[in-house]
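Asker: Let me give you the structure first, and then I'll get to my questions.
The values are calculated or read from the model by the stated rules, or taken from the named source; none is laboratory data. This one's a predicted model, so the numbers in the text were calculated from it and none came from an experiment. Here the Cβ is made from the backbone with ideal geometry for all residues, glycine too, and neighbour counts use every protein chain on show.
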């Protein structure tokens, strides 16, 4: 079994970036998302259509990088301008440069005063760090195009994947050609995606006093994806005499790298939600299967694991939408009643229950939540409800919008 691209494929965000770069210069374009989700490819596809000079440079290349490097690339792009249409500068892996946002702000403001028609695109594979830099220095000067993990629809369109293939292999396009060689695929995900994300996007760029604890927390998130665990229970599982604040911070770092997150409990109150035990959720199901060391055949045969994989795929679909800013995602539990996912889009609440097998006709958790919070919509995915394939084929906004 091989998984080769079916032909040229563009993510929908290309249709957003292209007109922005073709229009008069107004904002810095920021393309941010986890590793290996196609940021560089998307920008390359867009700039190939532009009738202006383009300069591309990556801070991920060997050698030390500093703010002087940004200034050098910027000046080279200025010199490439041949007329009023201007030029485009693309800076990749920008988060690797200490103080990058202050340097970009200074140069951008210089060009604004001089009316220099230089369009600027910056890319980063650590969304949390990118966001910090933007909020600290570049307020009012940027637009963000967030990229998350590939959806089932995108993997199906690009590689012809079945639902089972997507559930097991997740949304990593770079790993797709390797699924015919399961061991090679698993090594690629483990070495080139998991280890690189942790080592280069988290440990190298932020202060982590206990790196071994962060790695074990990631493994725990993969093992218990779809389950609610208190931070105290996590510390017990990790056999670590640390504090819960550290664990919460490390979970935020893993979320910022696009790997795993902790969903808060919906309580109708922000403070109470933040204080709740998190529901662990991977952002790509490939992380679960690789961490479990399991084959597709073994996963199919293990009903409990497959059920968690199904719920995690639904959760990842919704969590990636939340990472893109389209909604907020929670879970809900009160005594013996539970709702798998609660999605808040504006003032609208949607309760979502997931079943991997035939579901019972009564859903007491959904009924209890409806009585307490009056959601606008309650959905059952799987079982006798919405088919899993149908749910994953449509964007999250389809299910939670009016």
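Asker: Return yes or no: is residue 52 closer than 18 Å to residue 23 by Cβ and assigned to a helix (DSSP H, G or I)?
Answerer: The answer is no for residue 52.
Asker: Exactly one of these conditions fails for residue 165: (1) surrounded by 21 or more Cβ atoms within 10 Å (Cβ to Cβ); (2) in contact (Cβ under 8 Å) with a residue 24 or more places away in the chain. Give me its number.
Answerer: For residue 165, the exception is condition (1).
The rows are residues; the columns are (1) without any contact (Cβ under 8 Å) to a residue 40 or more places away in the chain; (2) in the same structural domain as residue 277 (by TED's automatic domain parsing); (3) touching a strand residue (DSSP E or B) at 6+ places or on another chain (Cβ under 6 Å); (4) in a strand (DSSP E or B).
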position: 332; (1), (2), (3), (4): no, yes, yes, yes
position: 343; (1), (2), (3), (4): no, yes, yes, yes
position: 356; (1), (2), (3), (4): no, yes, no, no
position: 380; (1), (2), (3), (4): yes, yes, yes, yes
position: 383; (1), (2), (3), (4): yes, yes, no, no
position: 391; (1), (2), (3), (4): no, yes, yes, no
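Asker: For the structure I just gave you, tell me whether residue 82 is part of a loop (DSSP other than H, G, I, E, B), exposed (fewer than 15 other Cβ atoms within 10 Å of the Cβ) and modelled with pLDDT of 90 or more.
Answerer: yes
Asker: Taking the options 195, 154, name whichever one is surrounded by fewer than 17 Cβ atoms within 10 Å (Cβ to Cβ) and in a helix (DSSP H, G or I).
Answerer: 195 is the lone residue from the list that is surrounded by fewer than 17 Cβ atoms within 10 Å (Cβ to Cβ) and in a helix (DSSP H, G or I).
Asker: Something else: Is it true that residue 223 is over 25 Å from residue 279 (Cα atoms) and not assigned by TED's automatic domain parsing to the domain that holds residue 34?
Answerer: In short, no.
Asker: For residue 363, state whether it is without any contact (Cβ under 8 Å) to a residue 24 or more places away in the chain and buried (at least 18 other Cβ atoms within 10 Å of the Cβ).
Answerer: Yes: the conditions hold for residue 363.
Asker: Here is a further query. With the requirement that a residue be under 24 Å from residue 254 (Cα atoms) and part of a loop (DSSP other than H, G, I, E, B), what does the range 157-192 give you?
Answerer: 170, 171, 172
Asker: Right, next: Quick check on the range 286-302. Is at least one of its residues within 22 Å of residue 39 (Cα to Cα) and buried (at least 16 other Cβ atoms within 10 Å of the Cβ)?
Answerer: Yes: the range 286-302 contains one or more residues that are within 22 Å of residue 39 (Cα to Cα) and buried (at least 16 other Cβ atoms within 10 Å of the Cβ).
Asker: Continuing with the same structure: Report yes if some residue within the range 233-246 is assigned to a helix (DSSP H, G or I), in contact (Cβ under 8 Å) with a residue 24 or more places away in the chain and surrounded by 15 or more Cβ atoms within 10 Å (Cβ to Cβ); otherwise report no.
Answerer: The answer is yes, given that some residue of the range 233-246 is assigned to a helix (DSSP H, G or I), in contact (Cβ under 8 Å) with a residue 24 or more places away in the chain and surrounded by 15 or more Cβ atoms within 10 Å (Cβ to Cβ).
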